[in-house]
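The structure appears below as structure tokens.
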Amino acid sequence: MQGVFIFIGGLIGLLIVNFFIQKSRAKRYYKNSYTSSIDAGFFLKKEKVFIVSLIYKNSKNNEHIESTEELKRLCETADIEVVDKIFQVLDKPLGATYLGKGKLIEIKNSVENLGVKTLIFNDNLTPSQAKNISDITKCNIVDRTELILDIFSKHAKSKQSKIQVELAML
């Protein structure tokens, strides 16, 4: 009898956790509305993207090249077409927009000409940076962590692995 109560308690606990995951999932700014990358299903078809990377003035030359190539391989794993890689050299990321406004305007013009709808950043962005970049470029904004979680979510088959991916998004 006690085993039945433990099973039912575990099942109820799992349902409650899943409910709160759905309600409190970390939100990012895409197309002028808040959604998560998994809910939006961005990478269901071959998406054209730009990879955007910041080169720190004090970093070694090969560091950003290796990191950007790794991000490109992650894009290939997610079945995403990388149209171009965009770099900017700065001492540190800018608080509001990560990149300079001039670089963002340059990206906006390139995006319009090439039909790119998504920018994948090589670093983690804050929600406000993602929103500000999206407002300027009119693109979906995905950072490195979200891309990795998207790859995991595509390959998650069991309920447990799907829940683990959702927990990682929090």
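The values are calculated or read from the model by the stated rules, or taken from the named source; none is laboratory data. Because the structure is a prediction, the values reported are computed rather than measured. With ideal geometry, Cβ positions are generated from the backbone for all residues, glycine too; neighbour counts draw on all protein chains shown. When the accessible area is computed, the model is the full protein with side chains, heavy atoms only, and any ligands, DNA or RNA have been set aside. Shrake-Rupley method; radii C 1.70, N 1.55, O 1.52, S 1.80 Å.
Suppose each label sits 7 Å from its Cα in the direction of the beta carbon; what would the Ile163-Asp135 distance come out to in nanometres?
Going by the 7 Å Cα→Cβ label model, 3.9 nm.
Once fully extended, how much extra length lies between Glu66 and Asp123, figured as 0.36 nm per residue of separation less the alpha-carbon to alpha-carbon distance?
Computed gain between Glu66 and Asp123 is 19.2 nm.
Distance cut-off 26 Å, Cα to Cα: go down the list Lys60/Lys117; Lys72/Lys92; Lys103/Lys154; Lys131/Lys159 and report the pairs above it.
Lys60/Lys117; Lys103/Lys154; Lys131/Lys159
Taking the simple approach of a point 7 Å from Cα along Cα-to-Cβ for both Val89 and Lys46, what is their distance in nm?
For the pair Val89/Lys46, the computed spacing is 3.5 nm.
If one computes the Cα centroid of segment 78-100 and of segment 104-170, what distance in Å separates the two points?
Distance between centres, Cα-based: 12 Å.
Where Lys and Arg each count +1 and Asp and Glu each count -1, what net charge lies around Thr77 among other residues with Cβ under 11 Å from its Cβ?
Every neighbour counted, the sum reads -1.
Could you sort Glu69, Glu63 by accessible area so the largest value comes first, with the probe set to 1.4 Å?
So the residues, ranked largest to smallest area, are Glu63, Glu69.
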